[in-house]
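Taken together, the values in this text are just the output of simple stated rules run on the coordinates, not laboratory data. Note that the coordinates shown come from a computational prediction; the quantities given were computed from them, not determined experimentally. Note that each Cβ is placed from the backbone with ideal geometry, even for glycine, and that neighbours are counted across all protein chains shown.
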Amino acid sequence: MADEYIQQIIDIIRPIAKSRDPIEAHTRIIEDGIIDSLSVINLIMEIERAFEIKIGIMDVTINDFETPAKIAEVIDRKKRG
């Protein structure tokens, strides 16, 4: 199920990206400089809005936002409850 979310996540990342490098499912978006740590907050807000979920600070770590694939796993967990 998480694979279904990956392209939508990439589409959310593009406008807030600091870099125009290609983004794929396993691109390390923070480590590769695609987004910075401050942009993670914007990313979380956009993901919450787009997927109609709430991501609590205690629910995730920065590692959960390492790649679009890992973000998709977070969304899948939240959607399944």
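Taking the 0 to 90 degree range and rounding to the nearest ten, how far is the long axis of helix 39-51 tilted relative to the main principal axis of the chain, both from C-alpha atoms?
40
Taking Cα atoms, how many degrees apart are the long axis of helix 6-16 and the longest axis of the chain, rounded to 10 and kept between 0 and 90?
50
Would you please give the residues with an amide H less than 5 Å from that of Ile35, counting only those at least 5 places away or on a separate chain, with H modeled from the backbone geometry?
Lys18, Ile30
Dimensions of the chain along principal axes (Cα, Å, largest first)?
34, 24, 20
What lysines sit close enough to Lys18 to cross-link, taking a C-alpha to C-alpha distance under 26 Å and skipping anything fewer than 8 places away on the same chain?
By straight Cα distance, Lys18 reaches Lys54, Lys70.
Suppose R0 equals 22 Å. What FRET efficiency, 1/(1 + (r/R0)^6) with r the Cβ-Cβ distance, do Glu52 and Ala25 give to the nearest 0.05?
My answer for the efficiency is 0.50.
What order, most packed first, do the peptides 26-38, 4-16, 64-76 have when packing is the mean number of other Cβ atoms within 10 Å of each residue?
64-76, 4-16, 26-38
Using the alpha-carbon atoms, what tilt in degrees (0 to 90, nearest 10) does helix 68-80 show relative to the longest principal axis of the chain?
Helix 68-80 and the main axis of the chain meet at about 10 degrees.
At 222 nm, what helix-only mean residue ellipticity would the chain give, in deg cm²/dmol to the nearest 500, using -39500 (n - 2.57) for each DSSP H run of four or more?
-14500 deg cm²/dmol
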